[in-house]
Amino acid sequence: MALSLEEFVHSLDLRTLPRVLEIQSGIYFEGSVYEMFGNECCLSTGEVIKITGLKIKKIIAEICEHSEGGESQPFELPMNFPGLFKIVADKTPYLTMDEIIRTIHIGSSRLGHPCFFHQKDMELENLVIKQGEKIMLNSVEEINEEIVVNCGVVKNHQNHSFTLPLSQEGEFYECEDERIYTLKEIVEWKIPRNRTRTVKLTDFSNKWDLPNPFPEGFYGALILKPVYEIQGVMKFRKDIVRILPSLDVEVKDITDSYDANWFLQLLSTQDLSEMTSKEFPIVAEVIEAPQGSQLLASILQPGKTIVIHQKCQASRILASEIRSHFPKRHFLIPKSYKGKFKRRPREFPTAYDLEIAKSEKEPLHVVATKAFHPPHEELSSVAVGDQFLVHHSQTTEVLSEGIKKVVNVLACEKILKKSYEAALLPLYMEGGFVEVIHDKKQYQIAELCAQFHLPFNVKVSVRDLFIEEDILAATPGLRLEETITDSYLLISDFANPTECWEIPVSRSNMTVQLVSNLSQDTGSFLVRTLIEEITEEQYYMMRRYESSFLHPPPRPPKHPSVEEAKPALLHVAEERTVGLPKSPKSLRVDISKKLHSHQAGLDSKGPVGCQNALADLEKERSRCGAAAAAETFKNEKHQK
């Protein structure tokens, strides 16, 4: 039975791909050739196409309620839009599990476990699901020739697993979702097929260099409507055909009566990563090279024959430029990087950050850049220029309105001119500190990761001489943020199979044609790695959960009084403008004995190191000017 292309897409079950279609009739006459999205495609009557995928090409957004009362015009929302969104639960019920599976993405990713509740109690064989209880859909599998959905429910703090057949009927509603998503995550996992998705904009990065498509100050609800694109291949062609479902053609599904092996066997990087280890190594021809990537441009180009040796997991260090203005550059650095680094002073916005950064290797020596006036007399006050050696966290009792309370504090030593004084700083303290560096050693990146806690500030002191262009050497400084483990493919040029390169699966949208399995033994091979510069969007996808782990402990309910707080806030605001003290008098303290008592081998010229650290920071802030002050204030405001 012939269907319009749009009707076919509407009824398509992605689990059954690939499908083979025959063109029945439409606006395209026999033998006519049209160019669509850069690909020539002959859609003559009787032509056969193998459909390999259905992708969202773009997103059309529409504001739910226009601020001026008029109707808002739909607009295209770029796929790389750097906003964060909350999902509004769909109020339209799903009537069968089969409808859910056809519509919602379910997979092994943490984003691929949607949650639903049932309108009425559900009595299963060994379990009763009460009305409104959250049912998590974990995976789809075939058991005894029947496709079922593996589900889970929490009852009395215990997880219960069960399966539901696709024929299970009822009224299933989406649960409210409190998580925050990027647009890319919503597109890949959270937009139901054949439905729209309502979301609420919660945050927008001002680091985007394109105009904000939303009205100023808008943080409301909007409807996302996906525009799909059919991907397929045609006989005797090596390119991928992309067709909009809205084309006025009729098609017939002839999958069951047609040998799909007549078509080229095209594989994406994701397809390759899902192959078993026994299927490697393979020989493939590059059909589509990664877009916008400079990785191995000489090897990954259309028409090139490559060897894909195996898939693997590899770690990288996520790093960002230290600079005040945007856009900042972001990198993934392999631990095999041969360049050397010198340490740079770190800045700590709270006492809690000092607790995270302290190390057993050496005492953490810091200088205060902001004043702090404690709400309790048992805690220590801090003035701009005070120096501290950080020791450990502990608890202490304070008297608040006649009631004793326990507060988490950081035990430090305040460095005086000729002595030391014990100091207790509350972990919630929103002061400011700059590290004093006494270590002049040069480190390789593996040594830094082994000896110090990340995040860590460094500067390249010796570039990697084993690579032609070291893009890290030109950076003013780097903040090593965390170790990232990702999936890679080991590939090589067919002409030189002993030199392999690691290619990231998730960031290389490459398509290859399988040529053959490699029967001969490639023997041992050298694995080469590259410094990968990633986009702002990719960076925030990797880092967006960091804040939930690094937030300071909750602040106490309230400071003594608003009136007492006003002078302190005014004083802090003044110091925010002043920055660091101009006179180094208060910093002229001989701390060499104290530092040597903690660890031998540290630079005995403590005051000079302190002044140098402050001078370096002062120079950097002078260069940055108002932009740095604005960024610092914004970060402090966000943390509050």
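Label point of residue 184 set 7 angstrom out along Cα-Cβ; within the stretch 45-66, amide nitrogens under 18 Å from it belong to 55-59. Note on residue 60 and residue 150: the model spin-label points, each 7 Å out from Cα along the C-beta direction, lie 3.9 nm apart. Each Lys or Arg adds one and each Asp or Glu takes one away; over the other residues whose Cβ falls under 15 Å from the Cβ of residue 146, this sums to -4.
Could you work out the local net charge near residue 120, counting Lys and Arg as +1, Asp and Glu as -1, over the other residues with Cβ closer than 12 Å to its Cβ? Computed value for this residue: -4. Computed with a 1.4 Å probe on the full set of protein chains, the accessible area for residue 529 sits at about 30 Å². Using only side-chain charges placed at the Cβ, +1 for Lys and Arg and -1 for Asp and Glu, the dipole size of the stretch 345-436 relative to its Cα centre rounds to 160 debye.
Between the alpha-carbon centres of the stretch 207-256 and the stretch 438-515 there is a gap of 34 Å. When the stretch 280-369 is described by a simple charge dipole with +1 on each Lys and Arg Cβ and -1 on each Asp and Glu Cβ, the residue from 359, 312, 297 located farthest towards its positive end is 359.
Among 232-245, 111-124, the peptide with the highest mean count of other Cβ atoms within 10 Å heads the list, and the full ranking is 232-245, 111-124.
Report, to two decimal places, the Cα Rg of the stretch 66-221 normalised by 2.2 N^0.38 Å (N = number of residues). Ratio of Rg to 2.2 N^0.38 Å for the stretch 66-221: 1.22. Say the dipole of the stretch 52-185 comes from +1 at the beta carbon of Lys and Arg and -1 at that of Asp and Glu; which of 128, 162, 52 then lies farthest toward its positive end? Towards the positive end, the residue furthest out is 52. Our compactness index for the stretch 212-307, the C-alpha radius of gyration over the empirical 2.2 N^0.38 Å, is 1.56.
Could you list the residues of the stretch 103-134 with an amide nitrogen less than 17 Å from a label point located 7 Å from the Cα of residue 143 in the Cα-to-C-beta direction? Under 17 Å, as judged by backbone N against the label point of residue 143, lie 123-129 of the stretch 103-134.
For the stretch 87-158, the mean projected area of the C-alpha convex hull, equal to one quarter of the hull surface, is 6.0 nm².
Placing unit charges on each Cβ (+1 for Lys and Arg, -1 for Asp and Glu) gives the stretch 345-436 a dipole about its Cα centre, and among 416, 369, 434 the Cα reaching farthest toward its positive end belongs to 416.
Distance between the pseudo-spin-label points of residue 474 and residue 89 (7 Å out from Cα toward the beta carbon): 5.2 nm. A 1.4 Å probe, protein heavy atoms only, puts the accessible area of residue 130 near 100 Å². For the set 330, 392, 376, the ranking by accessible area, highest first and with no ligand, DNA or RNA atoms included, is 392, 376, 330 under a 1.4 Å probe.
Summarising the amide proton neighbourhood of residue 530: residues at separation of 5 or more, or on other chains, whose placed amide H is nearer than 5 Å comprise 502.
Residue 466 sits among other residues whose Cβ lies under 12 Å from its own Cβ, and their net charge, with Lys and Arg +1 and Asp and Glu -1, is -1.
The length gained on full extension between residue 119 and residue 401, counted as 0.36 nm times the residue separation minus their Cα-Cα distance, comes to 96.5 nm. Rolling a 1.4 Å probe across all protein chains gives residue 479 an accessible area of roughly 80 Å². When you filter the chymotrypsin sites (Phe, Trp or Tyr not before Pro) in the stretch 425-479 for DSSP loop state and at most 13 other Cβ atoms inside 10 Å of their Cβ, you are left with 466. Computed extension length for residue 418-residue 271: 46.2 nm, one decimal, from 0.36 nm per residue of separation with the Cα-Cα distance subtracted.
Compactness of the stretch 391-455 was expressed as the Cα radius of gyration divided by 2.2 N^0.38 Å, which yields 1.58.
The listed residues 463, 346, once ranked by accessible area (1.4 Å probe) with the largest placed first, stand as 463, 346.
Projected label points at residue 160 and residue 459, each 7 Å from Cα along the beta carbon direction, are separated by 6.3 nanometres. An ellipsoid equivalent to the stretch 345-436, defined through the eigenvalues of its Cα gyration tensor, has semi-axes of 21, 14, 13 Å when rounded to whole angstrom and sorted largest first. With all protein chains in place and a 1.4 Å probe, the accessible surface of the stretch 385-428 carries 50 percent carbon and sulfur.
The values are calculated or read from the model by the stated rules, or taken from the named source; none is laboratory data. Computed from a prediction, not measured in an experiment: that's the story for all the values here. Reconstructed Cβ throughout: ideal geometry from the backbone, glycine too, with neighbour counts over all protein chains shown. Only protein heavy atoms, including side chains, enter the accessible area calculation; ligands, DNA and RNA are left aside. Shrake-Rupley method; radii C 1.70, N 1.55, O 1.52, S 1.80 Å.
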